[in-house]
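Contents: one structure, followed by commentary.
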Amino acid sequence: IVFTSGNRKVPLRSIETKTKKTPLYAKVGGGQLKVAKAKSLSFKREGFASNFGAKGLALSEKVATRLNKKLRPKVPFQEGQALGSLTSTAQPALITIEDKGRATLAFDGAFVQKLDARFVSLNPIFPAEHIGPTFTFPIAAGGALAPDGSQGTLRSAGEAEALQLHGGQLFWREIWLDLGAHQASAEIELLPSPPYPGKIARTAIFDIAPSPVSSDPKSRTISVPGAQLTLNATGAQELNDAFGEGKALFSVGEVVGAVSFAVVGE
């Protein structure tokens, strides 16, 4: 916004409205100044976007004084003089995800058979659940995704356990999907400790293949129908350490399964 009088101009930059109050602020001459006061404010959602409006903006005393001093107009500016109205539509980069619903991880048949051959069972730890090789995990609080699925992290709760008869025990706790990095991470525990390292800090264990993402602004939902998960170097090494008995049975790029979800933004 620029006020003009003749050839002289006074720019107002970085306009900000504080929604808990009615003043409109802007940076003027390097400092923040209350520009005007609004009679009414409005806020509503439009799909993933948010619309904000301020009506009945009236000039503040300090701005009127500064404008008169700078521009020296024939008709001076006055406190309370009508300034206009303001509207803004904000398209968020990320949508905060509600902690409801479940994500599904369907383990690949060949991957399950390889574990079975080593007498390793896959088991859910509550609140994770399963029907056969298809596991579900509750969507956890703290996740945020871009409406087009190009970035953001989806968090889940619960655990998956890989347990070998008379052998090792591997836990993948709270699997998180980072859609921007195309990786899935987990908090890991490898038992018994010793000889295994026990708890390991959160680290990426799977790569996520690109997958179609559908979003519905009206219902504020984001869905992925089935993104393929493959082992990265860390994920393969953990499985080999736990169940390989010194052999490289699991390799980088090996398909683990496919993950699906449909989540709702706040």
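The values are calculated or read from the model by the stated rules, or taken from the named source; none is laboratory data. All figures in this text were calculated on a predicted structure; none of them were measured in a lab. Cβ coordinates were reconstructed from backbone atoms using ideal geometry, including for glycine residues, and neighbour counts include every protein chain displayed. Protein only, heavy atoms only, side chains kept; ligands, DNA and RNA dropped before computing areas. Shrake-Rupley method; radii C 1.70, N 1.55, O 1.52, S 1.80 Å.
Which pairs turn up if I take residues in the range 88-104 that are on the phi < 0 side of the Ramachandran plot and look for partners that are exposed (fewer than 11 other Cβ atoms within 10 Å of the Cβ) and not hydroxyl-bearing (Ser, Thr, Tyr) with beta carbon separation below 6 Å, at least 6 apart in sequence or on another chain?
Filtered contacts from the range 88-104: Thr96/Glu266; Glu98/Glu266.
Among the residues of the range 232-261, write down those that are of a type in the set (D, E, K, R) and either surrounded by 16 or more Cβ atoms within 10 Å (Cβ to Cβ) or modelled with pLDDT of 95 or more (or both).
Matches in the range 232-261: Glu238, Asp241, Glu254.
Hey, does the range 70-86 have a residue that's modelled with pLDDT of 90 or more, open to solvent by 40 Å² or more (accessible area, probe 1.4 Å), assigned to a helix (DSSP H, G or I) and farther than 30 Å from Ser121 by Cβ?
yes
List the residue pairs whose Cβ atoms are under 6 Å apart, where the first residue sits in the range 124-138 and is more than 19 Å from Ala262 (Cβ to Cβ), the second is surrounded by 14 or more Cβ atoms within 10 Å (Cβ to Cβ), and the two are 6 or more positions apart or on different chains.
Pro124/His130; Pro124/Phe135; Ile125/Glu159; Ile125/Glu161; Pro133/Phe107; Pro133/Val112
Which of the residues belonging to the range 216-225 are on the phi < 0 side of the Ramachandran plot and open to solvent by less than 50 Å² (accessible area, probe 1.4 Å)? If you could, list the steps in order and put the result at the bottom.
First, pick out the residues of the range 216-225 that are on the phi < 0 side of the Ramachandran plot: 216-219, 221-225.
Across the range 216-225, the qualifying residues are Thr221, Ile222, Ser223, Val224.
I want to confirm something. Restricting to the range 174-218 and keeping residues that are in contact with a Phe, Trp or Tyr (Cβ under 6 Å, 6 or more places away or on another chain) and hydrophobic (A, V, I, L, M, F, W, C), which single residue is farthest from Gly47 (Cα to Cα)?
The initial filter retains those residues of the range 174-218 that are in contact with a Phe, Trp or Tyr (Cβ under 6 Å, 6 or more places away or on another chain), namely 184-186, 189-190, 217.
Adding the requirement that they be hydrophobic (A, V, I, L, M, F, W, C) leaves 184, 186, 190.
Working: Ala184: 28, Ala186: 32, Leu190: 44 Å.
Filtering first and then ranking leaves Leu190.
Suppose we keep only residues that are in a strand (DSSP E or B) and open to solvent by less than 30 Å² (accessible area, probe 1.4 Å) within the range 35-49. Which one would you say is farthest from Phe77 (Cα to Cα)?
Let us first name the residues in the range 35-49 that are in a strand (DSSP E or B), namely 35-37, 40-46, 49.
If we keep only those that are open to solvent by less than 30 Å² (accessible area, probe 1.4 Å) as well, we get 35-36, 49.
Values: Val35: 12, Ala36: 12, Ala49: 36 Å.
Result: Ala49.
Go over the candidates Ser50, Ser40 one by one and state the one that is modelled with pLDDT of 85 or more, under 30 Å from Ser219 (Cβ atoms) and touching a Pro at 6+ places or on another chain (Cβ under 8 Å).
Exactly one of Ser50, Ser40 is modelled with pLDDT of 85 or more, under 30 Å from Ser219 (Cβ atoms) and touching a Pro at 6+ places or on another chain (Cβ under 8 Å), namely Ser50.
How many residues does the range 101-135 contain that are part of a helix (DSSP H, G or I) and either at pLDDT below 95 or surrounded by 14 or more Cβ atoms within 10 Å (Cβ to Cβ) (or both)?
We begin by selecting, within the range 101-135, every residue part of a helix (DSSP H, G or I); these are 109-117.
Now drop any that are not either at pLDDT below 95 or surrounded by 14 or more Cβ atoms within 10 Å (Cβ to Cβ) (or both), which leaves 111-112, 114-115.
Number satisfying all stated conditions: 4.
Yes/no matrix, rows are residues, columns are (1) modelled with pLDDT of 95 or more; (2) open to solvent by less than 20 Å² (accessible area, probe 1.4 Å); (3) assigned to a strand (DSSP E or B):
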site: Ala141; (1), (2), (3): yes, no, no
site: Ala160; (1), (2), (3): yes, yes, yes
site: Leu177; (1), (2), (3): yes, yes, yes
site: Tyr196; (1), (2), (3): no, no, no
site: Lys199; (1), (2), (3): yes, no, yes
site: Thr203; (1), (2), (3): yes, no, yes
site: Pro212; (1), (2), (3): no, no, no
